[in-house]
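First comes the structure, then the notes that go with it.
The values are calculated or read from the model by the stated rules, or taken from the named source; none is laboratory data. No experiment lies behind these values; they were computed from the predicted model shown. Note that each Cβ is placed from the backbone with ideal geometry, even for glycine, and that neighbours are counted across all protein chains shown.
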Number of protein chains: 2
Amino acid sequence: MADKVRIALDAMGGDHGPGVVVAGAELALSRHPDSEFLLFGNASAIAPLLDARPELKARSRLTHTEVAVRMEDKPSQALRYGRWKSSMWLSIDAVKKAEADMAVSAGNTGALMAMSKFNLKTLPGIERPAIAALWPTLRGESIVLDVGASIGADADHLVDLALMGAATARILFGLPRPTVGLLNIGVEEAKGLEQVREAGRILREENFADVEYKGFVEGDDIGHGKVDVVVTEGFAGNIALKTAEGTARQIGEYLKGAMTRSLSARIGYLFAQSAFRQLRERMDPRRANGGVFLGLNGIVIKSHGGTDAEGFAAAIELGHGVVREELLARIRTALAGHVRRRPEPVDQLLGGAAS
Amino acid sequence: MADKVRIALDAMGGDHGPGVVVAGAELALSRHPDSEFLLFGNASAIAPLLDARPELKARSRLTHTEVAVRMEDKPSQALRYGRWKSSMWLSIDAVKKAEADMAVSAGNTGALMAMSKFNLKTLPGIERPAIAALWPTLRGESIVLDVGASIGADADHLVDLALMGAATARILFGLPRPTVGLLNIGVEEAKGLEQVREAGRILREENFADVEYKGFVEGDDIGHGKVDVVVTEGFAGNIALKTAEGTARQIGEYLKGAMTRSLSARIGYLFAQSAFRQLRERMDPRRANGGVFLGLNGIVIKSHGGTDAEGFAAAIELGHGVVREELLARIRTALAGHVRRRPEPVDQLLGGAAS
């Protein structure tokens with residue numbers, strides 16, 4: 001294992017650009033002194049931010065480019081004007097050239113996926129990459145994938161997702177044989193989508209060494225933490241993720257309203273302040289910020305576009321963890337054991353999830 | 001409009017059977033004195049419960065049957081042994097024979113849908129019924145459909161769901177032209193599923209009199225209450241619904257944990273008790289209990305299987321509201337305006353959602 005982790009940063013990505021990226025890198029460095037950064041973006045915006053942070057500056061190299069991918073562009077547009085020269089492309093390219101161990105961007109998700117796929121290519125046997133999200137649960141955390149890289153999945157693709165998700169869970173949660181469930185509606189064998197049932201049959205029959213297959217799970221099992229890895233195709237996965245985020249925000253609003261409505265509630269709030277702080281931290285979407293792109297010849301981490309420095313640091317640290325434990329090598333080993341049934345046509349590919 | 005609302009009850013449905021059903025009917029009657037009940041189920045279990053409630057008994061007629069549909073059976077099994085004679089079938093049959101204005105059951109969802117479809121048949125132009133759920137939002141409530149009646153939907157089916165959902169929202173929320181959104185991933189035109197995009201084109205071009213089409217919505221827009229009606233096919237809809245339920249439960253657990261962890265938190269909890277009670281009520285899944293089956297020649301309401309008397313009463317009252325306002329007539333009118341593009345093969349039908 002190398003003695004440092006080299007991190008390429010798309011400094012122009014996200015709603016807030018270099019301010020959040022550089023501040024996030026500073027936080028991540030303070031917690032992981034073995035980090036080194038390659039920053040890509042507009043030097044006139046980034047250099048002053050580095051000058052104000054001598055320790056970070058000493059561990060960083062800045063490469064200037066004028067081109068930045070816009071949040072609202074379609075992947076094809078972004079590829080057209082941003083290939084070879086945008087800050088997003090250059091950060092991915094640093095991974096490709098083995099100058100960096102991973103790339104992190106808070107930019108346009110579809111563009112980041114399209115560029116990653118174009119430049120890094122997919123692993124043998126993998127047609128479509130996936131985005132894996134960390135999901136806080138009552139038992140700790142689970143991995144949910146795919147949360148929006150592509151729509152639809154045949155049984156083989158679902159099995160690949162299970163293998164890649166389990167390899168990630170082994171590293172992030174330190175589990176020898178993570179439990180895996182297939183997201184479905186109704187838990188009985190006869191229910192749900194045919195390809196999900198078929199994937200269940202394969203997982204049960206193959207009984208892969210690194211996957212403890214637990215059968216179907218439903219939407220409410222995710223937050224309960226019933227399994228370590230929840231596998232689904234990108235449309236349903238993205239809707240589950242966003243719906244959970246929306247529900248958490250909604251309840252946060254209810255809580256705020258309830259705690260300010262009467263004098264005694266406000267007094268109660270004062271007494272319970274530290275408990276509320278704890279609750280806020282548990283519900284904090286920044287805690288679990290960062291989606292890992294899986295299925296590529298390289299590690300790319302997507303940070304939420306609207307996050308702040310703390311959230312961006314969490315995305316960097318997520319990548320740091322998987323790089324340190326050599327996620328890619330483990331995924332390659334896991335996938336090698338899956339004999340795919342038939343070359344099926346891929347129904348639809350898109351740079352799906354919004355940032 | 002009739003001077004009473006006649007409600008057929010599957011008294012054996014749900015995890016708790018007649019105890020919850022009869023107590024729920026009593027609550028509903030106290031709030032809607034124009035209700036009359038036809039109860040179907042095991043007389044030896046139900047009669048004593050009615051005897052203990054003279055006012056309810058005076059407004060009820062009990063029909064004995066020994067057959068009850070089990071919660072764990074597949075729709076086809078339930079149809080085999082439960083057709084013609086189960087409490088579930090008989091309550092639906094009362095609607096068919098115009099002896100009741102609606103049927104309510106807390107039983108096996110798939111069986112209830114299969115029997116409803118078999119007995120009541122679908123409305124002209126509708127191949128597959130849908131389940132519409134009431135979803136509490138920051139703005140009040142929205143209708144989300146389909147939450148699990150069938151998997152997959154072509155563009156025409158999505159448009160039908162929009163028309164039926166909007167007709168329901170007009171009645172339940174008293175809105176002249178409810179806003180409607182199509183659930184998708186990413187809000188830009190170019191994103192998401194082809195059939196969802198096509199449905200969006202139809203809704204925009206046709207500009208139906210009773211539907212204010214607002215474009216795509218994402219998972220986090222549901223809880224925010226961005227639109228009155230959220231339209232999606234049953235797989236994604238069921239996963240969204242269950243994921244939101246799971247997230248609410250998860251945050252409730254966090255809250256409980258946080259409020260009992262220290263002395264000052266417990267003191268704060270005492271002061272803020274009424275605020276917490278209010279919060280619990282807002283988060284109470286019983287408040288929005290009841291899915292309306294849409295697309296059938298009759299009104300069938302599905303109550304959550306695990307609910308209590310208060311929740312079952314909410315399901316009855318939901319049906320009471322739509323019957324009073326003649327939902328069926330309005331849906332027929334709305335559907336008549338939709339010229340379907342092409343007869344597309346229906347990919348898969350199932351009695352999907354677990355109870």
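The numbered conditions (1) modelled with pLDDT under 85; (2) assigned to a helix (DSSP H, G or I) are all true for A:Pro285 except (2). The residues in region A:255-269 that are at the interface with chain B (Cβ under 7 Å from one of its Cβ atoms) and either closer than 24 Å to A:His304 by Cα or assigned to a helix (DSSP H, G or I) (or both) can be counted, and the count is 8.
Table: residues versus (1) touching a residue at least 12 places away in the same chain (Cβ under 8 Å); (2) within 23 Å of B:Lys242 (Cα to Cα).
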{"site": "A:Ala162", "(1), (2)": "yes, yes"}
{"site": "A:Arg170", "(1), (2)": "yes, no"}
{"site": "A:Leu175", "(1), (2)": "yes, no"}
{"site": "A:Asn207", "(1), (2)": "no, no"}
{"site": "A:Gly219", "(1), (2)": "yes, yes"}
{"site": "A:Asp228", "(1), (2)": "yes, yes"}
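Quick grid of which residues meet (1) over 30 Å from B:Ala248 (Cα atoms); (2) under 13 Å from the mean Cα position of the chain (by Cα):
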residue	(1), (2)
A:Ala100	yes, no
A:Val104	yes, yes
A:Asn108	no, no
A:Ala111	yes, no
A:Ala114	yes, no
A:Leu123	yes, no
A:Leu134	no, yes
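All conditions but one from (1) surrounded by 22 or more Cβ atoms within 10 Å (Cβ to Cβ); (2) out of contact with any Ser or Thr (no Cβ under 9 Å at 6 or more places or on another chain) apply to A:Met259; the one that does not is (1). Selection of strands (runs of 3 or more DSSP E) fully inside region B:177-254 by the criterion of at least 1 residues being surrounded by 19 or more Cβ atoms within 10 Å (Cβ to Cβ) and within 7 Å of chain A (Cβ to nearest Cβ) returns B:179-183.
The single residue among A:Lys242, A:Lys256 that is modelled with pLDDT of 80 or more and farther than 28 Å from A:Ala169 by Cβ turns out to be A:Lys256. Surrounded by fewer than 21 Cβ atoms within 10 Å (Cβ to Cβ), within 14 Å of chain A (Cβ to nearest Cβ) and in contact with a strand residue (DSSP E or B) (Cβ under 7 Å, 6 or more places away or on another chain): does that describe B:Glu141? For B:Glu141, the condition - surrounded by fewer than 21 Cβ atoms within 10 Å (Cβ to Cβ), within 14 Å of chain A (Cβ to nearest Cβ) and in contact with a strand residue (DSSP E or B) (Cβ under 7 Å, 6 or more places away or on another chain) - is met.
Go through region B:120-133 and count every residue that is touching a strand residue (DSSP E or B) at 6+ places or on another chain (Cβ under 9 Å), surrounded by fewer than 21 Cβ atoms within 10 Å (Cβ to Cβ) and not β-branched (Val, Ile, Thr). Counting residues in region B:120-133 that are touching a strand residue (DSSP E or B) at 6+ places or on another chain (Cβ under 9 Å), surrounded by fewer than 21 Cβ atoms within 10 Å (Cβ to Cβ) and not β-branched (Val, Ile, Thr) gives 2. Of the listed requirements (1) touching a helix residue (DSSP H, G or I) at 6+ places or on another chain (Cβ under 6 Å); (2) assigned to a helix (DSSP H, G or I), A:His157 misses just one: (1).
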